[in-house]
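Undergrad: Starting off with a structure, shown below.
The values are calculated or read from the model by the stated rules, or taken from the named source; none is laboratory data. Every value quoted in this text rests on a predicted model; they were computed, and no experiment measured them. Positions of Cβ are backbone-derived with ideal geometry, glycine not excepted, and every protein chain shown enters the neighbour counts. Side chains are part of the model used for accessible areas, which takes the heavy atoms of the whole protein and leaves out ligands, DNA and RNA. Shrake-Rupley method; radii C 1.70, N 1.55, O 1.52, S 1.80 Å.
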Amino acid sequence: MSAANSLMSEDQFLCSICLDVFTDPVTTPCGHNFCKHCITEHWNISDQYLCPMCKKVFKTKPELYVNTLFSEMVAQFRQLAQQEVSSSSSEQQVSKPGEVPCDVCTGTKLKALKSCLVCLTCVCMLCTVLDHKAHDVVPLREEYDGKKAELRKTEAEIQQMIQKRRLKIEEIKQSVRLSKENADREIAEGVQVFTSLKESVERGLDELIKTIEEKQKTTEQQTEDFIKELEQEISELMKKSTEVEQLSRSEDHLHFLQSFSPLKDVPTTKDWTEVSVPPASYEGTVVRAVAQLEETLSEEMKKLIEAELKRVQQYAVDVSLDPDTAHPKLILSDDGKEVNHSDVRKTLPDNPERFSSCVSVLGKQSFSSGRFYFEVQVKGKTEWDFGVARESISRKGKIALGPKNGYWTIWLRNGNEYRALNDLVVGLFLKSQPQKVGVFVDYEEGLVSFYDVEAAALIYSFTGCSFTEKLFPYFNPGLNDDGKNSTPLIISCQSH
């Protein structure tokens, strides 16, 4: 700025506080100039009235006066600077419609060519050398390209978020469709089963009524036959009685004697002393009909459970035992599929995950959503308990199994005593001893079910459970019992 420099140096027209060209310059008693707003704010936030230039301290807040001569020089400097910038830059022009105007210009807005990195405003060429002289600025095009790239990145992220949400919508819709299909299937199966049961009940009732009616009909027919026979004998006896009475009144001696011999004997009739018609007996008829219905119901139940078992087996997972949780007296197979108790205690680190008193072990795999299923072979054992347990269970000292302590299990004791270890122990009366037990868990439904796999029978279900933690398969093969219970528990179901 040759014109401006001919008067004073550019730096002399910059406030030492804001580093921009003076606005309303005032002079302190020590003779230094500052923007009125800058020095006022500086003193407002300071605990003493100090000159930022010479560090002179004033006992009281000095009166600030506008330096008229210096203000005129600043105004002249601004005018000269504007003229020089305008003449040296052909690009500097008044902002037209559609162009970005300067955010700083007062009066006529010039076209913005730079972006201030300090104030984050768009500025013209003039303002970059005046009010924003000490600020870092970049060409507007460069800032535009940079911001546009950021915007494209933001747009890409937004599109990705939109796509994820659309996929989530499809996932939810698919889940609803599957739920609807399952509901329709269950309804169809329910209708089929109950229709069959209804038909069985109606058929059983018809047969019961028919049986009773046939018995009653037989009784009535027998009664009718006896009555008919008795009435026939009565008729014959009455005829004989009339003949006897007539003969007894006869005065004809010859006729009387001639007729006496044929009439003197009582007619031969049936001995009715031991003859009776007892009421028909229906004892057991209804019971046998209900027993037949129960048998039909059992057959239908078996079909249902077989179908249910096939469905839950579709959720089979590959479960293996976690040696870091196993009690020191347990022996685990190399493949992590078998466990049994030994009288020898191994020397193992007593880490927090390990059971210290109960001869138990957890599976390596954990589950915190969805459905899963595994099978355990129990053939040849006299004692065991297994099921699922939550991650935070106590593994040290004596353990009480039950949902309130984080265990959902069933057990066998003494070779034939089965129990479900609910908060209240439930005795299980099974038609046959399971050789292989299936365990199915529906995390969201809060369901844990145990099945006799070979008999296709439901052993027990924990329902209405509230799962909030990871669940682990849980196993306890029971004590060795001098070899009587040495057979291992075997995880036999592999993932499909």
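Undergrad: Quick check on my filter: what residues within the range 308-327 are touching an Asp or Glu at 6+ places or on another chain (Cβ under 7 Å) and either within 20 Å of Ala183 (Cα to Cα) or crowded, with 17+ Cβ neighbours inside 10 Å (or both)?
TA: Of everything in the range 308-327, just one residue is touching an Asp or Glu at 6+ places or on another chain (Cβ under 7 Å) and either within 20 Å of Ala183 (Cα to Cα) or crowded, with 17+ Cβ neighbours inside 10 Å (or both), namely Thr325.
Undergrad: Tell me, which residue of the range 73-108 that is surrounded by 11 or more Cβ atoms within 10 Å (Cβ to Cβ) and β-branched (Val, Ile, Thr) is modelled with the lowest pLDDT?
TA: By that ranking, first place goes to Val85.
Undergrad: Regarding the range 371-393, can at least one residue be identified that is free of Cβ contacts under 8 Å to residues at least 60 places away in the same chain, surrounded by 12 or more Cβ atoms within 10 Å (Cβ to Cβ) and among the charged types (D, E, K, R)?
TA: no
Undergrad: Among the residues in the range 49-72, are any polar (S, T, N, Q), surrounded by fewer than 16 Cβ atoms within 10 Å (Cβ to Cβ) and at pLDDT 80 or above? Walk me through it before giving the result.
TA: We begin by selecting, within the range 49-72, every residue polar (S, T, N, Q); these are 60, 67-68, 71.
Filter once more, keeping what is surrounded by fewer than 16 Cβ atoms within 10 Å (Cβ to Cβ): 60, 68.
Within this subset, residues satisfying the condition of being at pLDDT 80 or above are 60.
The answer is yes, given that some residue of the range 49-72 is polar (S, T, N, Q), surrounded by fewer than 16 Cβ atoms within 10 Å (Cβ to Cβ) and at pLDDT 80 or above.
Undergrad: With the condition kept exactly as written, say whether any residue in the range 379-401 is within 23 Å of Ala307 (Cα to Cα) and not in a strand (DSSP E or B).
TA: The first filter runs over the range 379-401 and keeps only residues within 23 Å of Ala307 (Cα to Cα), leaving 387.
Checking which are not in a strand (DSSP E or B) leaves us with none.
Scanning the range 379-401, I find no residue that is within 23 Å of Ala307 (Cα to Cα) and not in a strand (DSSP E or B), so the answer is no.
Undergrad: Could you check the range 415-472 and list, in sequence order, the residues that are in contact with a Leu (Cβ under 9 Å, 6 or more places away or on another chain), of a type outside the set (S, T, N, Q) and assigned to a loop (DSSP other than H, G, I, E, B)?
TA: Passing the criteria: Pro434, Tyr443, Val453, Ala455, Ala456, Gly464, Cys465.
Undergrad: Quickly run through the range 329-357 and pick out the residues that are within 33 Å of the chain's Cα centre (by Cα) and open to solvent by 90 Å² or more (accessible area, probe 1.4 Å).
TA: Within the range 329-357, Asp335, Pro352 meet the criteria.
Undergrad: Right, Glu375: within 14 Å of Gly438 (Cβ to Cβ) and modelled with pLDDT under 95 or not? Lay out the reasoning, then the answer.
TA: Working: within 14 Å of Gly438 (Cβ to Cβ): yes; modelled with pLDDT under 95: no.
Criteria not met by Glu375.
Matching residues to (1) open to solvent by 60 Å² or more (accessible area, probe 1.4 Å); (2) in contact with a Ser or Thr (Cβ under 7 Å, 6 or more places away or on another chain):
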site	(1), (2)
Ser241	yes, no
Glu251	yes, no
Phe256	yes, yes
Val275	no, no
Thr285	no, yes
Ala289	no, no
Glu299	yes, no
Lys302	yes, no
Ile305	no, no
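Undergrad: A further question on this structure: Exactly one of these conditions fails for Thr269: (1) open to solvent by 70 Å² or more (accessible area, probe 1.4 Å); (2) more than 60 Å from the chain's Cα centre (by Cα). Give me its number.
TA: Every listed condition holds for Thr269 apart from (1).
Undergrad: Restricting to the range 24-48, name every residue that is over 16 Å from Val74 (Cα atoms), among the aliphatic types (A, V, I, L, M) and open to solvent by less than 90 Å² (accessible area, probe 1.4 Å).
TA: Across the range 24-48, the qualifying residue is only Ile39.
Undergrad: In addition: Mind listing whichever residues of the range 269-300 are within 25 Å of Gln221 (Cα to Cα) and of a type in the set (Val, Ile, Thr)?
TA: Correct list: Thr269, Thr273, Val275, Val277, Thr285, Val286.
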